[in-house]
Amino acid sequence: MTPLTITVNSEAETCQLGQQLARALAPGTVVGLDGPLGAGKTTLVRSIVAALGANPRQVASPTFVLMHQYEARTPIYHFDAYRLKSANEFWELGIQDYFESAGISIIEWASRVAECLPDDHILGRAELTGESSRQWFWNATGSRSAEILRKLESSWQSRAI
Ligand code: ADP
Ligand code: MG
């Protein structure tokens, strides 16, 4: 399947993307994020947290804790695999329980723990294409996540610019 490609030209547009993704997400969804430092992964998480009704100022970057939990309309579990030494360390956080819960799990630096992610998850990868422009490539690895990306695609296309 070809990825859903979304170009954003400012930090504000990354926030719009996060807001639209938040509306498309379903309880239990797992979202992996990849891309270099400064790509906007944490910015995206912050806008998802805000869209789902929690305080976006709680969302910190860089993270010195491996998991942050936000009491949004659906609980959000925010992981950052940057500092992990091994995938094993990720397992030891009890990620399985989070993934199987009704909360939304979001993992920055997901490719570092790719083998730990559930069969059906969303993967977003951002590339820096300019000082304030980013290109996002979104992939779904199962039918539930594909449905979410379909929603995101149609809402992104019809958004008010
Ligand atoms: P990451 O978590 O991927 O390392 P952050 O979201 O923490 O990235 O930081 C992104 C940085 O890039 C911020 O300083 C932000 O102001 C800047 N920035 C510039 N353009 C954008 C954009 N289009 N989207 C997101 N952040 C951007
Ligand atoms: Mg980050």
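None of the figures in this text is laboratory data; all of them are computed from the coordinates on show. Computed from a predicted structure; not experimentally measured. Glycine gets a Cβ as well: all are built from the backbone with ideal geometry, and neighbour counts include every protein chain shown.
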Inset, instruction - Note down the magnitude of the dipole of the chain about its Cα centre, charges +1 on Lys and Arg C-beta and -1 on Asp and Glu C-beta and zero elsewhere, to the nearest 20 debye. - result: 420
Legend entry - Within a Gaussian network of the chain (alpha carbon springs, distance under 10 Å), most fluctuating of Gly94, Gly32, Gly18: Gly94
Legend entry - Approximate spin-label separation Ser143-Ser101, in nm, with each point projected 7 Å along Cα-to-Cβ: 2.7
Inset, instruction - Could you let me know the centre-to-centre spacing of the range 72-139 and the range 40-57, using Cα atoms, in angstrom? - result: 14
Inset, instruction - Among Ser143, Ser133, Ser111, determine the one that fluctuates most according to a GNM of the chain built with springs between C-alpha atoms less than 10 Å apart. - result: Ser143
Inset, instruction - Label the range 1-152 by shape, choosing from rounded, prolate and oblate, from the square roots a ≥ b ≥ c of the eigenvalues of the Cα gyration tensor; if a/c is under 1.5 it is rounded, and otherwise prolate applies when a/b is larger than b/c, oblate when it is not. - result: rounded
Inset, instruction - Starting from the Cα of Ser132, step 7 Å toward the Cβ, then list every residue of the range 7-23 with an amide N under 19 Å from that point. - result: 7-19
